[in-house]
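What follows is a set of notes on a single structure, which appears directly below.
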């Protein structure tokens, strides 16, 4: 990402939920500022709630002094205090309308191999070029004023799906549900926060019952314990229907991918939880060619080798304190 930004010739559009003033964040600050001083159109949009404590005023001033158009996304307002509930959770980079990135990576040291080494978060981010990248630039530009029913143009088998729309806030959930209904051989899910609505869970159970290999990969140690409790509250019903569940143990799992059969795949910013499906602004890349599916399947299987399976019998024997924690998490699931 830094290399592509350095090589930009015309413009850089950057959007992130978390942007931290650590060594990694300062690299991006310096690189973006240098691009702006070269006369490029550089725009940076950062979620206010996600980053206001972590992105320093000094770095913001450095960006603006260099000519970067910096803006907080959805800043808190006294006039609309409850609007803080809806966040801009997207992570998008577009360079020259020709190269784009989308996925789970935030701008912080925990995502950097150089800074964190083998302990860095396990995440998935994809780079794509050409017409889909031009569509990504349109997604960035339309953030503030989205026409009703607007969608980025479909560019062959690769297309972008934002859920920010005045006509339908649940567009992403509808697409994911439709693919689960159509699944014939496999549904492989990776998500750091598994707190979906009842319909999505039911579709996963029904798919497993009809013989689809439904495999769920979630963190063994989450950075949001309450979300993990809520996820575990759903395990028993999923396991009883044949859904296979694995918990990834070595490090924090932050990837968000879904593979259906051997062709359809998506990767992006959306978790399989209430906030991503119903509340937050998200952006996912969809592919129906099978190419992305194959790449993500390889990564999925590699992670599975480091994960621990959840066995139905052993799970039924868990102690009551864990059950109480799960009940608390389940009660709070709509806010997670």
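Is it fair to say residue 318 is in a loop (DSSP other than H, G, I, E, B), in the same structural domain as residue 213 (by TED's automatic domain parsing) and at pLDDT below 95?
Taking the combined requirement at face value, the residue satisfies it.
Taking the stretch 96-133, which residues are on the phi > 0 side of the Ramachandran plot and surrounded by fewer than 16 Cβ atoms within 10 Å (Cβ to Cβ)?
117, 130 - these are the residues of the stretch 96-133 that are on the phi > 0 side of the Ramachandran plot and surrounded by fewer than 16 Cβ atoms within 10 Å (Cβ to Cβ).
Output the residues belonging to the stretch 121-164 that are modelled with pLDDT under 90 and in contact with a helix residue (DSSP H, G or I) (Cβ under 6 Å, 6 or more places away or on another chain).
152, 153, 155, 163
Select the helices (runs of 4 or more DSSP H) contained entirely in the stretch 195-285, then report the ones holding at least 2 residues which are crowded, with 23+ Cβ neighbours inside 10 Å and under 20 Å from the mean Cα position of the chain (by Cα).
Filter on the stretch 195-285 gives 225-232.
I'm trying to understand the selection: among the residues of the stretch 327-336, which are touching a residue at least 12 places away in the same chain (Cβ under 8 Å) and under 24 Å from the mean Cα position of the chain (by Cα)?
Of the stretch 327-336, the ones touching a residue at least 12 places away in the same chain (Cβ under 8 Å) are 327-330, 332-336.
Selection gives 329, 330, 332, 333, 334, 335, 336.
Which members of the stretch 74-95 meet the condition of being within 17 Å of the chain's Cα centre (by Cα) and buried (at least 21 other Cβ atoms within 10 Å of the Cβ)?
Once the filter is applied, which keeps residues that are within 17 Å of the chain's Cα centre (by Cα) and buried (at least 21 other Cβ atoms within 10 Å of the Cβ), the stretch 74-95 yields 88, 89, 90, 91, 92, 93, 94.
Filter the stretch 1-28 down to residues that are closer than 19 Å to residue 116 by Cβ and surrounded by 19 or more Cβ atoms within 10 Å (Cβ to Cβ), then give me how many there are.
9
State which residue is nearest to residue 176 (Cα to Cα) when the search covers only the stretch 300-315 and only residues that are out of contact with any strand residue (DSSP E or B) (no Cβ under 8 Å at 6 or more places or on another chain) and not in a loop (DSSP other than H, G, I, E, B). Explain how you work it out, then say what you get.
Of the stretch 300-315, the ones out of contact with any strand residue (DSSP E or B) (no Cβ under 8 Å at 6 or more places or on another chain) are 301-302, 305, 311-315.
This time we only want the ones that are not in a loop (DSSP other than H, G, I, E, B), so: 301-302, 312-315.
On the way: 301: 21, 302: 24, 312: 26, 313: 30, 314: 31, 315: 28 Å.
Filtering first and then ranking leaves 301.
Please pick out the residue among 251, 263, 237 that is closer than 19 Å to residue 323 by Cα and in contact with a helix residue (DSSP H, G or I) (Cβ under 8 Å, 6 or more places away or on another chain). Break it down stepwise before answering.
On the way: 251 fails: closer than 19 Å to residue 323 by Cα; 263 fails: closer than 19 Å to residue 323 by Cα.
On inspection, the qualifying residue turns out to be 237.
The values are calculated or read from the model by the stated rules, or taken from the named source; none is laboratory data. All of these numbers come straight from a predicted model, not from anything done at the bench. FYI the Cβ positions are ideal-geometry reconstructions off the backbone, even for glycines, and counts take in every protein chain you see.
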